[in-house]
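Everything below concerns the one structure shown next.
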Amino acid sequence: MASVTNPVDRTGPIHFLGKLTLASVEVVGDVTIFFTNILFWATTRLPRRRVLLPSLYQTGVLSLPVVIVTGGFIGMVLAVQTYDQFRLMHMETKLGAIINISLVKELGPVLAATMLAGRVGSAIAAELGTMRVTEQIDALSAMGANPVNYLVVPRFLACFTLIPLLTIVADATGILGGWFLSSYVLGINSHHYWHHAIEYVGPYDLFCGMFKSTFFGAAIAVVACHRGFNCTAGAEGVGRAATEAFVFSFVLILALDFALGAFLQGLYYALWPSYGGGVVLHTDPVTVLTQFA
Amino acid sequence: MTPATTILELRNASKRFGDQQVLRDVNLTVSRGETLVVIGESGCGKSVTMKLLIGLLKPTSGLALFEDRPLTDRSERELSQDRQRFGYLFQGAALFDSLNVYENIAFPLRQNTVLPEEKIQAIVEERILEVGLPTSVCRKKPAQLSGGMKKRVGLARALALVPEIMMYDEPTTGLDPIMSDVINNLILQTRRRRPVTSIVVTHDMTTVRKVADRVVMFFPLPRLDPDEPQIIFEGTAEEAFASEDPRVSQFVHGEAGERMRELSVA
């Protein structure tokens, strides 16, 4: 005999916590499967030229103006903000060092990534979201094309490969902006500016910035494409996908920046222990990461 | 007379999106060469049924079979090859915004064949003329086309690879009566020109009268008894119009009947 049971109240805080946990696990799992799918297609069948080139153009060429403007202003802002402190210590000639190291290791990659997340990430999410709600993604599948291979892989490759170049552009314009303000407005001798800039910035610093940026580019593409593919119906759904693409990728950029920064710092001391100075350091990068975690 | 072979089948197929169940234990067969028209109220699962049949969606439980083999047993590559035998006209045509008309129609050819561009161009122009459009629309973007033109370009694209199975998702929705008749005639013309199996999802009773060999009617689950099948009618168009089941009769004759009171109570 069938028994009648009272419906369970599922509105309490424990149920809410449970739902939140399940939803989080589901999203992480879903993004992981999505990323694996991208890697599979990116390594087994490269997109065709006519599909890849527009993505490279959209991501790289059209992002240049905003990256140049942002980089230049950040370089100048750094010069303005640090000049007073350095002057108090009579170290204003070393302004080039602080501007350049900040830009190359940290601000260049993060700014280029932020600009890419805002300009390209949101556009990708909105475009793919619109394609999802107007059944264009279903149409691709119905015509024998794999939507991940056709739509996501070109965008992923564009973000992943071009963000290091955009980072270099942001670094370069930032350095030039900092030099221009330091030399022509703050009156620091150009020779000193460049001398200290070169002295304090090494190839490893440049590598750190570019290495981090590839992770940022991959994160932006994966998050934006995932949000677009899972867009809900209507203009509101597309708008939400675009907003979430930027917010989620920005948070991910900062989290990755922290984790990779710690890792690369540990790696630096592991590779060149003599540069550890008097500070007690963990030479094993894994230990460093564990300590931060 | 040889018995018709089943080309597509749903076997006890159910589909659920989150908390919302759309299909429940649906059994449906489509015979080779027939034109099956699926009717039913909005939200009763007609389009979902069609997407299950082509493998764009997977059933939550049960099976979707193509030529007696479950779609879920097929690899991504096999599915991709099988789908080249299908043509799908989407409700809003689903033309790619970033491509012009020519590139849209050429897409399945470029994607699935190694034909030279001259041959592709010849096929594209043939399909455009077949759906009654001038070749001058080739350079236009989908945004520059009217609703009827979009549907016809969508049909030309769906026919590009000469499919064995054509699926039409509400082909006449949102079109004026003349354009609706044009689309209905194109469906008939497609069937006359090639041995095609057609599945048409529609609300348009003119389409039902004009193209259907067989009609099935779906009913929304929330208003169905738990032990009642979701397909509440199966038969010819004449039988549908003569049906004594008030749910079928009201739908095919476009009468609100009891529904009006139900909606006002809700």
Output the number of residues of segment B:63-78 satisfying the condition of being buried (at least 19 other Cβ atoms within 10 Å of the Cβ) and within 13 Å of chain A (Cβ to nearest Cβ).
-> 1
Scan segment B:168-208 residue by residue and report those that are in a loop (DSSP other than H, G, I, E, B), out of contact with any Gly (no Cβ under 8 Å at 6 or more places or on another chain) and over 19 Å from B:Phe90 (Cα atoms).
-> B:Arg194
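Here is a yes/no grid of residues against (1) farther than 28 Å from B:Ala158 by Cα; (2) part of a helix (DSSP H, G or I):
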site	(1), (2)
B:Lys210	no, yes
B:Asp225	yes, no
B:Glu234	no, no
B:Val248	yes, yes
B:Phe251	yes, yes
Looking at (1) touching a residue at least 24 places away in the same chain (Cβ under 8 Å); (2) part of a loop (DSSP other than H, G, I, E, B), find the lone condition where B:Leu10 falls short.
-> (2)
Only listed residue being at negative phi and in contact (Cβ under 8 Å) with a residue 60 or more places away in the chain, chosen from B:Arg192, B:Arg157 = B:Arg157
Sole miss for B:Thr60 among (1) within 14 Å of another protein chain (Cβ to nearest Cβ); (2) surrounded by fewer than 22 Cβ atoms within 10 Å (Cβ to Cβ) is condition (1)
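Yes or no: A:Arg87 more than 26 Å from the chain's Cα centre (by Cα) and either surrounded by fewer than 23 Cβ atoms within 10 Å (Cβ to Cβ) or within 12 Å of chain B (Cβ to nearest Cβ) (or both)?
In short, yes.
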Would you confirm whether any residue within segment A:138-148 is under 26 Å from the mean Cα position of the chain (by Cα) and within 13 Å of chain B (Cβ to nearest Cβ)?
-> yes
Does any residue of segment B:98-118 turn out to be within 10 Å of chain A (Cβ to nearest Cβ) and in contact (Cβ under 8 Å) with a residue 60 or more places away in the chain?
-> no
Matching residues in segment A:22-52 (hydrophobic (A, V, I, L, M, F, W, C), within 16 Å of A:Asn149 (Cβ to Cβ) and within 13 Å of another protein chain (Cβ to nearest Cβ)) number 3
Answer from A:Ala125, A:Ala158, A:Ala97, A:Ala117 - the residue that is surrounded by fewer than 24 Cβ atoms within 10 Å (Cβ to Cβ), within 27 Å of A:Ala259 (Cβ to Cβ) and more than 14 Å from chain B (Cβ to nearest Cβ) | A:Ala97
Determine which member of the set B:Val48, B:Val30 is of a type in the set (Val, Ile, Thr) and away from every other protein chain (no Cβ under 12 Å).
-> B:Val30
Only one of (1) crowded, with 21+ Cβ neighbours inside 10 Å; (2) in contact with a Leu (Cβ under 8 Å, 6 or more places away or on another chain); (3) among the small types (Gly, Ala, Ser) is not met by B:Gly132, so which one is it?
-> (1)
Positions within segment A:1-26 being surrounded by 10 or more Cβ atoms within 10 Å (Cβ to Cβ), β-branched (Val, Ile, Thr) and at pLDDT below 90, in sequence order = none
Is it true that some residue in segment A:221-231 is assigned to a helix (DSSP H, G or I) and touching a Cys at 6+ places or on another chain (Cβ under 6 Å)?
-> yes
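The values are calculated or read from the model by the stated rules, or taken from the named source; none is laboratory data. This is a predicted model, so every value here is computed, not measured. Using ideal geometry, Cβ is built from the backbone for each residue, glycine included, and neighbour counts are taken over all protein chains shown.
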